[in-house]
1. For a quick size check, give me the Cα extents of the chain along its three principal axes, largest first, whole Å.
2. For I142 and R2, what is the calculated FRET efficiency with R₀ set at 41 Å and r taken between the beta-carbons, to the nearest 0.05?
3. For segment 69-176, run through the trypsin sites (Lys or Arg not before Pro) and keep only the ones in DSSP coil with at most 16 other Cβ atoms within 10 Å of their Cβ.
4. Using R₀ = 22 Å, calculate the FRET efficiency as 1/(1 + (r/R₀)^6) where r is the Cβ-Cβ separation of E342 and D39; round to 0.05.
5. Note down the nm distance, to one decimal, between modelled labels 7 Å out along Cα→Cβ at A335 and at D114.
6. Can you tell me the length gained on complete extension of the stretch E292 to S72, counting 0.36 nm per residue apart and subtracting the Cα distance?
7. Assuming R0 = 45 Å, what is the FRET efficiency of L184 and R20, from their Cβ-Cβ distance, to the nearest 0.05?
8. Can you tell me the mean projection area, over all orientations, of the convex hull of segment 188-266's alpha carbons? Units nm², please.
Amino acid sequence: MRYAERLNRLPPYLFAELDRKVEEKRRQGVDIISFGVGDPDMPTPEHIVRAACEAAGKPENHRYPSYEGKLSYRQAVAERFERDFGVKLDPEREVIALIGSKEGVHNIHFAFVDPGDVVLCPCPAYPVYRTGTLFAGGVPEILPLRAERGFLPDLWEVPEKRLRRARMLWINYPNNPTAAVAELDFYREVVDFAEEHGLIVCSDEAYASIAFDGYRVRSFLEAEGAMEVGVVINSLSKTYSMTGWRIAYACGSEEVIEGLKKVKTNVDSGASGIIQDAAIAALTGPQDCVREAVAEYQRRRDALVEGLRRLGFSVDKPKATFYLWLRVPGGDSMAFAERLLEVGVVVTPGVGFGEHGEGYVRFALTQPVERIREAVERMEEAGLAE
Ligand SMILES: *Cc1c(COP(=O)(O)O)cnc(C)c1O
């Protein structure tokens, strides 16, 4: 079968061999403890599920939804955004519903990237920034995220020549996979940089609600001038353990939202009204469920950090996200992941998030504390200490 060139241009899938070995272990009956996927293990809070059940009975939700999302959903987004970040949004023009943020991350390239245009993509990163760029015929320009800069990109090191055709810049804090956070001064620098080079900024803030020890996450849209140069893409997936529901939103620059809407009008028919009603219940209802989930992730983070430190690894406690980004002895992330798999522990090799992720593995805190302790014990027994 001859595939289109755009499929051939995609980066190779690096984990086929590792996946095969995990599967083999499972078949042998090994008790696998997986920190592999960033998918909350806790169920969606009950009041949200109930709202969906009720919404399913409403005939208006049985018909095609609107492209941009119900006004009531966009109002709920605007209210939550103002409460969380103090940023006022016009729900009619500055908010659009997405069928999960992956959809929006992918589609936004088609609104602004012509073949040959450059998109500035961080690395290591969520792979969809780069693949979305490639699908649209764009050219990813890699911004390395390095530990010594707190995993923030050095915007000023991008060659001038590459910036001439640059259209978009992706940022993602709190960050997957490094768990790094960004402060307002970084976002101000991003606005300056975007204004100077005529870039659209897309800030993926999927982990904005998952922060520890009272740390307050800032949004890109809090920076002065941000509303004119870009959008935030945020999702209910991680905040409310709703990855299976597929509901998210983009908000910010009216013109950018308009461009995204034009693409989506021609690609999909909007998020289901049932799911939007459930999302409204999530955004406007009590937020105890979020606090409880975050407290649980914090206990897990503490258990894992404590365990790894006992084994001699030097790790900082992440301020946000449900990930831990561990520098591995020897620097070969795939080899380290394979050694962990020997004792039934699954992690994601950093190289899967791009070449600058090499030297690290990512733990997703999607296992309860007892399983984390068990994993650390197995590592200890296997002599996997630093
Ligand atoms: C999980 C995740 C998302 C959310 O994806 P959805 O499509 O909304 O489920 C977006 N960006 C990053 C960086 C993520 O890790």
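The values are calculated or read from the model by the stated rules, or taken from the named source; none is laboratory data. Just so we're clear, the structure is a prediction, and the values are computed from it rather than from any experiment. Ideal geometry is used to build each Cβ from the backbone, glycine not excepted, and the neighbour counts take in all protein chains shown. Surface areas here come from the heavy atoms of the whole protein model, side chains and all, with no ligands, DNA or RNA. Shrake-Rupley method; radii C 1.70, N 1.55, O 1.52, S 1.80 Å.
1. On the principal axes, the chain reaches 58, 55, 51 Å in Cα extent.
2. So the FRET efficiency works out to roughly 0.90.
3. Passing both the DSSP loop test and the Cβ count: K88, R93, R146, R164, R165.
4. Rounded to the nearest 0.05, the efficiency is 0.35.
5. 4.8 nm
6. 76.6 nm is the gain from fully extending E292 to S72.
7. Efficiency, from the Cβ-Cβ distance: 0.50.
8. With every direction weighted equally, the projected area is 6.3 nm².
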